[in-house]
Amino acid sequence: MTRALLIVDVQNDFCPGGALATARGDEVAGKLAELLEDEAAISGYSHILATQDWHIDPGEHFSQQPDFVDSWPVHCVADTAGANLRAPLDVAKIDRFFRKGAYSAAYSGFEGSDEAGVLLLDYLTEYGIDSLDVVGIATDHCVRATVLDACRENIDVRVLAELCAPVDESRGDSALTEMKEAGAEIV
Ligand SMILES: [Zn+2]
């Protein structure tokens, strides 16, 4: 079994002070930074991967009157500070970034591709990664969509719930239940 850590969308705009902040975003970024400093804890991961919401012109994903379900305030615009990885997470600790959503909404990390255009699933296949530990933001949106896609691809998935932050706590809990029912292990 080859397991990678997949950090979903821990970006400035999804943390306190950002355009679309989650209450626990900084808590998650801080705990993840600690985890990545812990050589013993991360020795079981073949790769440390991260996704980024990375918007150029995502159409109706952005709205001046967002419903916070299908439309959102402007966030994570490509090459802006809001789209950067949240400190104290260190870019140098990430083996590969997968960016998604340039021209449309993209909740799942499996819609993301690296700088060379390689899709996340193709990357996992190339390196024989058959297991993922998924963490990040937001539990009820991009973590959820990423985990459900991973389950569909028959990847062994664990969701590290303490290292995930929801937009909405009760929807976050529902999303964890849904992920579990889809086959993910919630730890
Ligand atoms: Zn977005």
- Does at least one position in region 165-185 carry a residue that is under 16 Å from the mean Cα position of the chain (by Cα), modelled with pLDDT of 95 or more and closer than 21 Å to L36 by Cβ? yes
- Please name all residue pairs, on different chains or six or more residues apart, with Cβ atoms under 6 Å, provided the first residue is in region 14-30 and is on the phi < 0 side of the Ramachandran plot and more than 16 Å from the ligand (Cβ to nearest atom) and the second residue is open to solvent by 60 Å² or more (accessible area, probe 1.4 Å) and charged (D, E, K, R). P16/D26
- Note on the structure: Exception for V10 within (1) within 12 Å of the ligand (Cβ to nearest atom); (2) under 13 Å from the mean Cα position of the chain (by Cα) falls at (1)
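Among the residues of region 118-149, how many are assigned to a helix (DSSP H, G or I) and without any contact (Cβ under 8 Å) to a residue 40 or more places away in the chain? It would help to see each step written out before you state the result.
If we filter region 118-149 for residues that are assigned to a helix (DSSP H, G or I), which is where we start, we get 120-126, 139-149.
If we keep only those that are without any contact (Cβ under 8 Å) to a residue 40 or more places away in the chain too, we end up with 121-122, 125-126, 139-141, 144-145, 147.
So the count comes out to 10.
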- Message: Let me spell it out: the conditions are (1) open to solvent by 40 Å² or more (accessible area, probe 1.4 Å); (2) more than 13 Å from the chain's Cα centre (by Cα), and R99 meets all of them except one. Which number is the exception?
- Response: (2)
- Which numbered condition E115 misses (of (1) closer than 26 Å to P16 by Cα; (2) assigned to a loop (DSSP other than H, G, I, E, B)): (1)
- Message: One residue is enough: does region 86-95 have a residue meeting the conditions out of contact with any Gly (no Cβ under 9 Å at 6 or more places or on another chain) and at positive phi?
- Response: no
- Considering (1) away from the ligand (no atom under 16 Å from the Cβ); (2) surrounded by fewer than 19 Cβ atoms within 10 Å (Cβ to Cβ), say which one L148 fails and leave the rest. (2)
- Message: Checking D79 against (1) free of Cβ contacts under 8 Å to residues at least 12 places away in the same chain; (2) open to solvent by 70 Å² or more (accessible area, probe 1.4 Å); (3) under 19 Å from R144 (Cα atoms): exactly one of these is not met. Which one?
- Response: (3)
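Which of the following residues is out of contact with any Phe, Trp or Tyr (no Cβ under 9 Å at 6 or more places or on another chain), within 13 Å of the ligand (Cβ to nearest atom) and open to solvent by 30 Å² or more (accessible area, probe 1.4 Å): D70, D90?
Working: D90 fails: within 13 Å of the ligand (Cβ to nearest atom).
Exactly one residue qualifies, and that residue is D70.
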- How about region 38-53: which of its residues are closer than 15 Å to V135 by Cβ and out of contact with any strand residue (DSSP E or B) (no Cβ under 8 Å at 6 or more places or on another chain)? D38, A41
- Among residues belonging to region 37-59 that are closer than 16 Å to D9 by Cα and buried (at least 20 other Cβ atoms within 10 Å of the Cβ), point out the one that is farthest from the ligand (Cβ to nearest atom). L49
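The values are calculated or read from the model by the stated rules, or taken from the named source; none is laboratory data. None of the values given here were measured: they were computed from a predicted structure. For neighbour counting, all protein chains shown are included, and Cβ atoms are generated from backbone atoms with ideal geometry for every residue, glycine included. Note: areas computed on protein heavy atoms with side chains; ligands, DNA, RNA excluded. Shrake-Rupley method; radii C 1.70, N 1.55, O 1.52, S 1.80 Å.
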